[in-house]
Structures are given as structure tokens and as C-alpha cells.
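Working notes for the structure below.
The values are calculated or read from the model by the stated rules, or taken from the named source; none is laboratory data. Just so you know, these numbers come straight off a predicted model, no measurement behind them. So basically every Cβ, Gly included, is an ideal-geometry build from the backbone, and we count neighbours across all protein chains shown. Each accessible area value is taken on the protein alone, full model and side chains, heavy atoms only, with ligands, DNA and RNA left out. Shrake-Rupley method; radii C 1.70, N 1.55, O 1.52, S 1.80 Å.
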Amino acid sequence: MTLETDHSEYYVDTPRGLFTAAGHWFRTTEALLRTYAGPLLAREPLDKLLRQADTWLHLPALLMLWTLLPLLWLWEPAVAVGLALGVYLLSSLLLPLLILRPLTPILKGLANPWLQGAAYVVGLTGLAWQGHLLAVWTGLAVFVLIRWGVLARLLRPLLDRLHAALYPLPLPDQVLRSLMLRAALTHRVPLPELQAMEQELLQRLRQLPWNRT
């Protein structure tokens with residue numbers, strides 16, 4: 001395995017794709033991106049685009065975390081969890097369409113574990129004072145499931161099938177593609193080659209052993 005050319009420690013470029021420090025696997029490679037989007041990467045480093053993609057890939061979990069707490073104050077725990085889970089699923093399915101690059105710093109702030117922990121300590125303590133112990137334990141359990149990534153692993157088989165029906169690329173690559181298109185518009189860099197890159201990546205994915213029939 002080789003590190004990318006400007007020696008970033010954030011991701012590793014391998015024949016199977018790009019692995020980031022956030023734990024996401026992008027099926028595309030650095031060489032493929034530089035071949036088809038070189039003018040854009042001259043304006044915005046690949047390292048920065050991958051960091052942004054990682055941030056946006058956490059959007060469903062962030063929305064569920066930050067909506068569950070107020071919902072527990074307004075609804076019964078089962079209803080609150082159901083509504084928050086609906087937000088998670090919907091935002092996951094629509095994620096490539098929801099990306100707004102100016103909001104990336106806000107998402108990074110909401111992803112701060114200390115901020116999340118403080119909010120849940122205050123919110124759940126308030127619920128405990130009100131005597132809503134079931135809401136407290138429900139909130140604590142869901143918080144742990146999301147923070148430890150258990151919920152994402154449980155829902156991954158279902159969401160992978162739904163993503164495959166909606167988008168041509170795996171979700172991380174689709175999110176990265178959306179960010180690159182928006183970055184290209186910002187810098188007024190034409191990317192007519194992006195469709196060709198997508199076709200080459202799809203061809204590579206079809207050649208993987210587990211995709212052969």
C-alpha cells in the first residue's frame with residue numbers, strides 16, 4: 001500500500017480504493033481521481049475533499065442524535081425513537097442530494113463527542129428530574145448504539161440494497177462525487193470527464209469477485 005503523493009496521513013491509497021482515517025472505504029483510487037479530475041484537485045486537495053465526504057457520511061447519525069433528545073421531551077420513548085429512526089433512514093437515502101458544502105463546519109461542530117455528551121447529560125438529567133426514567137434509559141441506549149456504530153452496522157445490509165437501487169456508485173463514492181461537482185461549480189472548473197470516471201469505476205466494481213455471476 002502506498003500513501004498519496006503529498007504524504008497526507010488522513011488516507012491510504014490502495015488497489016482496492018481509498019481508506020480514510022474516519023474508517024470509510026471509497027472504491028475509487030487516487031490515480032483515477034487525478035486522471036479525470038486533475039484540474040479540480042489542483043484547486044482543492046483530495047485530502048480536503050475526503051475529509052468533507054467523511055463528515056457528510058456521518059450526517060444520518062448526527063441528525064438522529066440531535067433530533068432524538070428533543071423528541072424524548074415531546075413524545076413517548078417508542079414514538080420518539082421511531083421518528084428519529086425515520087430521520088436517520090430518510091437522510092441516509094437522500095444523503096448525496098442533501099450536501100451543502102458551506103454547512104460542513106456546522107456538521108463538524110455537531111459531531112464533537114464532548115458537545116454531544118454534554119447535551120445528553122443535560123437533557124437526560126432533566127428527564128430524570130421529571131420522572132421520565134424510561135425516556136432516560138431509552139435515550140442513553142440509543143446514544144450508545146449510535147456512538148459505537150452498532151446502529152449503522154445493523155442497518156447496513158438494508159441500506160446498501162436501497163442505495164444500490166437509487167445510485168450507480170457505492171454511497172461513499174456517490175457522496176464524494178457530489179462534493180466534487182459542487183466544488184467544481186464553486187471554482188468554475190469544468191469536469192466533463194467525471195462521467196467517464198464513473199463508468200470506469202462501475203466497470204471495476206463489476207469485475208470484483210463477489211460481483212461476478
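Across every direction, the projection of the convex hull enclosing the Cα atoms of the stretch 145-195 has a mean area of 4.7 nm². Using R0 = 25 Å, the C-beta based FRET efficiency linking L94 and R43 works out to 0.35. Peptides 25-38, 60-73, 161-174, 98-111 ordered by packing proxy, namely the average of other Cβ atoms within 10 Å per residue, highest first: 60-73, 25-38, 161-174, 98-111.
Relative to the longest principal axis of the Cα atoms of the chain, helix 77-98 runs at roughly 20 degrees.
Using heavy atoms of the protein chains and a probe of 1.4 Å, the accessible area assigned to R43 is about 140 Å².
Computed about its Cα centre, the charge dipole of the chain is approximately 260 debye, with only Lys, Arg, Asp and Glu carrying charge at their Cβ. Here the extension length gained between A164 and T35 equals 43.9 nm, from 0.36 nm per residue of separation less the Cα-Cα distance. Per residue, the stretch 62-161 exposes 59 Å² of solvent-accessible protein surface, assessed with a 1.4 angstrom probe and all protein chains in place. Treating the angle as unsigned and between 0 and 90°, give the value, to the nearest 10°, between the Cα long axis of helix 46-57 and the longest Cα principal axis of the chain. It works out to around 30 degrees. Plainly put, the chain has a radius of gyration that is 1.03 times its Kirkwood radius, both from alpha-carbon atoms, as the Rg/Rh ratio.
Pairs of Cα atoms nearer than 8 Å and 6+ residues apart set the relative contact order; for the stretch 11-186 it is 27 percent. Against the chain, whose longest principal axis is taken from its Cα atoms, helix 171-187 shows a tilt of about 70°.
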